[in-house]
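The values are calculated or read from the model by the stated rules, or taken from the named source; none is laboratory data. A quick note: this is a predicted structure, and the numbers were derived from the prediction, not measured. When we count neighbours, we look across all protein chains shown, and the Cβ atoms used for this are built from the backbone with ideal geometry, even at glycine. These accessible areas exclude ligands, DNA and RNA; they are computed on the full protein's heavy atoms, side chains included. Shrake-Rupley method; radii C 1.70, N 1.55, O 1.52, S 1.80 Å.
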Amino acid sequence: MNAVSRQRLVVIGNGMAGMRTVEEVLARAPVRYDITVFGAEPHPNYNRIMLSSVLAGEKRIDDIVINPLSWYAENGITLHTGDPVVAIDTAAKTVTAASGLCVAYDKLLLATGSKPLMPPLPGLDLPGVVAFRDIADTDKMLAAAQAKQRAVVIGGGLLGLEAAWGLKRRGMPVALVHLMPTLMERQLDVEAGTLLQRDLSERGLHFFTQAQTERVMGETRAEGLVLADGRTIPADLVVVAIGIRPNIDMGKAADLDINRGILVGDDMATSNPDIYAVGECVEHNGQVFGLVAPIWEQAKVCAARLAGDQIAAYATPALSTRLKITGIDVFSAGKLAAEDDADEEVIFRDASKGVYRKLVVREGKLVGAVMYGDVADGGWYFDLIKGERDIAQSRDHLIFGQGFAEQGCCGGAKAGLDVASMADDSQVCGCNGVSKGAIVKAITEKGLTSLDEVRAHTKASASCGMCTPAVQAILSFVTGADASAPEALCKCTDHGHDHVRHAILDQRLKSMDSVRKALGWKTEDGCAKCRPALNYYLLCAWPGEYVDDYQSRFINERAHANIQKDGTYSVIPRMWGGVTTPDELRAIADVADKFNIPSVKVTGGQRIDLLGVKKEDLPAVWGDLNKAGLVSGHGYAKGLRTVKTCVGSEWCRFGTQDSTGLGIKLEKLMWGSWTPHKVKLAVSGCPRNCAEATIKDIGIICTEAGYDMVIGGNGGIEVRVTDELTRLSTEAEVLEYASAFMQLYREEGHYLERTAPYVERVGMAHIKAHILDDDARRKALYARFLFSQSFAQDDPWAERATGGIDAHEFQPLAVVS
Amino acid sequence: MMDWIDIGTIADIPRLGARTVETHVGQVAVFRTGDDEVFALINKCPHKNGPLSEGIVMGRKVACPLHNWVIDLNDGTALAPDEGCTTTLPLRDEGGRLLLGLTPAKKVAHG
Ligand code: SRM
Ligand SMILES: Cc1cc2nc3c(=O)[nH]c(=O)nc-3n(C[C@H](O)[C@H](O)[C@H](O)COP(=O)(O)OP(=O)(O)OC[C@H]3O[C@@H](n4cnc5c(N)ncnc54)[C@H](O)[C@@H]3O)c2cc1C
Ligand code: SF4
Ligand code: FES
């Protein structure tokens, strides 16, 4: 193809609509245009929707870039970022940017999005007032959150709620002012809006509804709001999120027909046939836009037209709404309520579970759905609405969801998505309009195996991300592999370990009850699998705050000794680094005699085990051992067990460093810590490795030059040799790096997952990124470990032998003779 | 005839936990559920006599500490697929006192 014959396409607006159109043009007519893009923001195209997740700390800016700079280069696109277009000359067919750059076009595409709506309030121009639209706004809010100031958000719609929640998550006290009586009134009915407000209030947001803002207080910067009724709300950050209006500046510059937005026809052309417009800046058939689903449709049609198609025509698809606040499930589509006598409402409530559903039916068809609490069936209802299907048959069961209505049986409660029974044309990704059939086709034809690949090929789940679980379920269903779908923690929940751990942090859940409630547990008390796991996750998340729940620990950790097959216990005192003294040995011998302990054995972990102790003797046995300076060896704990050492440079003719001394330091630093599973360390004095460091969770092998640190080994059921992490030169570094790894494992490991499978699951690259590549992250992990240890290093034996903790555990309730 | 023996109050038992009572019929485990129901069972798992009092209590069930069989506190039966049954004993809450129902030991022999 001859470059000279190419036409020039200039795009104003480097945002979601503009770049999606360019992607579609490249797919249809890769060589038709020389493309130049002007963007006012100093960034490549990013996923604006995800700014909410960035604000809430769930994603970083890097994670939300859609088209990196390399994409522009690879596709021969000339990109001018941070350089807004300021003038258009339609006669000369040129655009001029703020920098003075002037570029000629054959076709011009306007994709300038919208501007935040700013009410005419006094004080709105003060520093400290921001909108929520782009990266710059997000940065301002994050800066304010870092200073832990107070925030007030004006606007109780989708954007305002997501802003308020994000700021709250960042630790700010947040108030929200809303003009209407209920939240999200354009997407939710009164009842769902009320439930939403109740749940968000429980999470610590303060609401002022039916509240009109009169002015922003402050002389030199924002100091809060004054409401029309005279109330004042002090705040250092004011976020305005009351709506958007199309950015029509470029339409004016080009003298186009404009109403609320730049007017376009079904072909996405403006009143000037060489100028097209897409996205939030346009108005089509009296409608303006604020969600990406219709915009992707516009991008398709516009690209087809730019590629020479004469027929492609745009029609606005049915729209549905979801709120992106982790743990709060809201869905709505179509009509929110009956409008006249021909409409019927069907309502379902389960107050105890916080579930609410309303369907609006008209002439045997579903025309609206509002859901709160459990939205698993949202996609199915949305399909019924869009398809205008006749629902007379299933009318009576419809409200109970897909599983119930289609099988008509009493099963009712159906967990998750039933991929097998989904119709091929049922829509999975609302943002991108991708059906189940399209995903299945891409997976089978292209042999896709990962979520990322499916995303790349179909765009399903690539925008707001809410349908990710559904896409994952389809992938697992088609490939038969369950690899990507996280396994549920236990039968009491459908959530996997990671989800639960994140929710505990994100929603600041601090008790087992609140976790079970927030995540919709199916059982009241949980079970023997999830209780110890949740107890650990809470303990790890909130050191010093969460109070250990003994009734959720296995007997070994409750009695701080190991139960044996005959109901007696074994007691192992700590022997720091495997080193003992005659006095300690004497105390052990005395205890064995005094309490008739039948068996004394040297363990595989370099210490001594007293086996066959009666439960009621435990406190007294501990008391005697404590007196000799011995503390619990945690031989029973999902925690630090042993640090095995060899004699090292102190005695051995090959020893290069003081491996025994270093082992003792490590054990004194780490003992008492609770971990997802047991943790064992070893320090060997030279590469002969007599302490078997290469099959430990953390191993140190001393060399002349310093210390080799290895991790993720296991000598148990499935032997795994460690991976090398790094080479260090001082003992202080060893303590820091080992603690950092320990903490990373504590924070990311699944309960009952040893470091060996953990390392295999997350990969060494991930661990290196946290511990080696980023000094600040490592130091932060180290600091968190030390902080947590400040609450952990109380000898449980002492607490029980003399402190009276849990006394009932060791005495019968009654003796009936 | 049944003797009703006062063994203490519900507050003596940790919620979602158990205490033991020594009796002439053997060690009895007295459980307290999350919603303060109480149950008494012989403290032996039908599997290999594991001490049920040391298990994790959930709903009206307890998981044995030795090999994780789940026993129904109501009737002492093991949850499928496991099979077996532990003897239950009657227990009454009377004005805050817990009364354990025991058939009297056969003192008659000494008669
Ligand atoms: C006492 C001891 C055997 C001995 O007499 O030497 C022992 C005893 C038990 N081991 Fe062990 N292990 C002992 C060293 C080991 C070692 C060797 C070591 O630590 O150097 C290993 C292999 C190394 C490793 O862990 O990578 C070992 C791998 C296991 C495993 C398999 C773990 C795995 O990840 O594959 C289990 C099962 C489990 O934890 O789920 C286990 C579980 C057990 C339990 C806790 C089983 C149980 O739940 O009752 C045994 C408790 C007996 C008791 O009451 O004391 N034990 N166990 C050793 C105590 C060391 C100590 O001082 O604390
Ligand atoms: C926080 C937040 C959360 C959201 N959540 C959702 C959601 O969950 N679901 C959903 O569907 N939608 C959501 N949206 C809306 C969605 O992001 C928008 O609908 C979409 O970004 C619109 O695309 P656009 O290209 O029209 O506008 P934009 O993405 O805003 O792109 C327009 C670009 O043009 C640039 N520009 C403007 N004027 C000029 C000029 N003269 N010269 C050069 N460049 C110019 C702007 O700087 C901007 O970068 C959310 C929006 C925000 C802000
Ligand atoms: S190998 Fe470990 S778990 Fe197995 S019998 Fe020996 S001590 Fe028990
Ligand atoms: S003894 Fe109870 S499960 Fe084995």
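In the set A:Thr112, A:Thr81, A:Thr90, only one residue is open to solvent by 30 Å² or more (accessible area, probe 1.4 Å) and touching a Pro at 6+ places or on another chain (Cβ under 6 Å); that residue is A:Thr81. Residues in the range A:562-594 that are among the aliphatic types (A, V, I, L, M) and open to solvent by 30 Å² or more (accessible area, probe 1.4 Å): A:Val579, A:Leu585, A:Ala589.
If I ask for residues that are part of a loop (DSSP other than H, G, I, E, B) and open to solvent by 60 Å² or more (accessible area, probe 1.4 Å), which ones from the range A:211-223 would you list? Working first, answer last.
Our first condition is that a residue be part of a loop (DSSP other than H, G, I, E, B); within the range A:211-223, this holds for A:211-212, A:218-223.
Matches in the range A:211-223: A:Gln212, A:Glu219, A:Thr220, A:Arg221, A:Glu223.
Hey, does the range A:372-381 have a residue that's surrounded by fewer than 18 Cβ atoms within 10 Å (Cβ to Cβ) and not assigned by TED's automatic domain parsing to the domain that holds A:Lys522? Within the range A:372-381 (the criterion being surrounded by fewer than 18 Cβ atoms within 10 Å (Cβ to Cβ) and not assigned by TED's automatic domain parsing to the domain that holds A:Lys522), the answer is no, since none of the residues qualifies.
Please verify whether the range A:700-709 includes one or more residues that are out of contact with any strand residue (DSSP E or B) (no Cβ under 9 Å at 6 or more places or on another chain) and modelled with pLDDT under 95.
yes
Within the range A:554-589, the residues that satisfy the criterion of being touching a helix residue (DSSP H, G or I) at 6+ places or on another chain (Cβ under 7 Å) and either free of Cβ contacts under 8 Å to residues at least 40 places away in the same chain or within 16 Å of ligand 4 (Cβ to nearest atom) (or both) are A:Phe554, A:Ile555, A:Asn562, A:Ile563, A:Tyr569. Within the range A:653-664, not a single residue is of a type outside the set (Phe, Trp, Tyr) and within 34 Å of the chain's Cα centre (by Cα). For the range A:517-553, a residue qualifies if it is touching a residue at least 40 places away in the same chain (Cβ under 8 Å) and under 19 Å from A:His677 (Cβ atoms), and the qualifying residues are A:Lys529, A:Cys530, A:Pro532, A:Ala533, A:Tyr536, A:Tyr537, A:Leu539, A:Cys540, A:Ala541, A:Pro543, A:Ser552. Restricted to the range A:70-113, the set of strands (runs of 3 or more DSSP E) holding at least 2 residues that are without any contact (Cβ under 8 Å) to a residue 24 or more places away in the chain and touching a strand residue (DSSP E or B) at 6+ places or on another chain (Cβ under 9 Å) comprises A:94-97. Looking only at residues of the range A:689-743 that are acidic (Asp, Glu) and outside any strand (DSSP E or B), we find that the one that is farthest from ligand 4 (Cβ to nearest atom) is A:Glu704.
Filtering A:His495, A:His560 for residues that are touching a strand residue (DSSP E or B) at 6+ places or on another chain (Cβ under 8 Å) and on the phi > 0 side of the Ramachandran plot leaves a single hit, A:His560. Exactly one residue among A:Ala518, A:Ala533, A:Ala503, A:Ala528 is buried (at least 20 other Cβ atoms within 10 Å of the Cβ) and more than 28 Å from B:His67 (Cα to Cα), and that residue is A:Ala518. Scoring A:Asp609 on the criteria (1) among the acidic types (Asp, Glu); (2) over 44 Å from the mean Cα position of the chain (by Cα); (3) not in a helix (DSSP H, G or I) leaves a single failure, condition (2).
Let's see how each residue does on (1) more than 16 Å from ligand 4 (Cβ to nearest atom); (2) at pLDDT 95 or above; (3) within 14 Å of chain B (Cβ to nearest Cβ); (4) open to solvent by 10 Å² or more (accessible area, probe 1.4 Å):
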{"site": "A:Ile608", "(1), (2), (3), (4)": "yes, yes, no, yes"}
{"site": "A:Leu611", "(1), (2), (3), (4)": "yes, yes, no, yes"}
{"site": "A:Asp617", "(1), (2), (3), (4)": "yes, no, no, yes"}
{"site": "A:Ala620", "(1), (2), (3), (4)": "yes, no, no, yes"}
{"site": "A:Ala628", "(1), (2), (3), (4)": "yes, no, no, yes"}
{"site": "A:Arg641", "(1), (2), (3), (4)": "yes, yes, no, yes"}
{"site": "A:Trp651", "(1), (2), (3), (4)": "yes, no, no, yes"}
{"site": "A:Gly655", "(1), (2), (3), (4)": "yes, no, no, yes"}
{"site": "A:Val679", "(1), (2), (3), (4)": "yes, yes, no, no"}
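At least 1 residues being more than 10 Å from chain A (Cβ to nearest Cβ), out of contact with any His (no Cβ under 6 Å at 6 or more places or on another chain) and open to solvent by 30 Å² or more (accessible area, probe 1.4 Å) is the threshold, and among the strands (runs of 3 or more DSSP E) wholly inside the range B:6-111 those reaching it are B:38-42, B:70-72, B:91-94, B:97-102. When residues in the range A:481-498 are screened for being open to solvent by 20 Å² or more (accessible area, probe 1.4 Å) and either more than 18 Å from A:Ile325 (Cα to Cα) or at pLDDT 90 or above (or both), 12 of them pass.
Out of the residues in the range A:260-282 meeting the condition of being of a type in the set (Asp, Glu) and closer than 17 Å to A:Ile12 by Cβ, tell me which one is nearest to the chain's Cα centre (by Cα). Checking each candidate, the answer is A:Glu280.
Report yes if A:Tyr751 is assigned to a loop (DSSP other than H, G, I, E, B), surrounded by 19 or more Cβ atoms within 10 Å (Cβ to Cβ) and not basic (Lys, Arg), otherwise no. So A:Tyr751 passes the test.
Any residue at all in the range A:708-716 that is among the β-branched types (Val, Ile, Thr) and within 12 Å of ligand 1 (Cβ to nearest atom)?
At the first step, the residues of the range A:708-716 found to be among the β-branched types (Val, Ile, Thr) are A:710-711.
Imposing the further condition that a residue be within 12 Å of ligand 1 (Cβ to nearest atom) reduces the set to none.
No, the conditions are met nowhere in the range A:708-716.
Here the condition is being aliphatic (A, V, I, L, M), open to solvent by 20 Å² or more (accessible area, probe 1.4 Å) and touching a helix residue (DSSP H, G or I) at 6+ places or on another chain (Cβ under 8 Å); of A:Ala740, A:Ala783, A:Ala798, A:Ala765, it holds for A:Ala798 alone.
Being within 29 Å of the chain's Cα centre (by Cα) and surrounded by fewer than 18 Cβ atoms within 10 Å (Cβ to Cβ), is that true of even one residue in the range A:26-33? No - not one qualifying residue is present in the range A:26-33. Taking the range A:556-572 as the range and being more than 10 Å from ligand 1 (Cβ to nearest atom) and either among the aliphatic types (A, V, I, L, M) or closer than 17 Å to A:Gly623 by Cβ (or both) as the test, the residues that pass are A:Ala559, A:His560. Within the range A:224-246, the set of residues being buried (at least 18 other Cβ atoms within 10 Å of the Cβ), within 24 Å of A:Gly166 (Cβ to Cβ) and in contact with a strand residue (DSSP E or B) (Cβ under 7 Å, 6 or more places away or on another chain) comprises A:Gly224, A:Leu225, A:Ile233, A:Ala235, A:Leu237, A:Val238, A:Val239, A:Val240, A:Ala241, A:Ile242, A:Ile244. Tallying residues that are under 13 Å from A:Glu280 (Cα atoms) and away from ligand 2 (no atom under 12 Å from the Cβ) within the range A:3-27 yields 0. Taking the listed residues A:Gly604, A:Gly655, the one that is within 30 Å of A:Ala533 (Cα to Cα), among the small types (Gly, Ala, Ser) and not in a helix (DSSP H, G or I) is A:Gly604, with no other qualifying. B:Pro14 passes every criterion in (1) away from ligand 1 (no atom under 16 Å from the Cβ); (2) at pLDDT below 95; (3) within 12 Å of the chain's Cα centre (by Cα) apart from (3). Taking the range A:506-600 and the helices (runs of 4 or more DSSP H) fully enclosed by it, the elements with 2 or more residues that are of a type in the set (Val, Ile, Thr) are at A:582-594.
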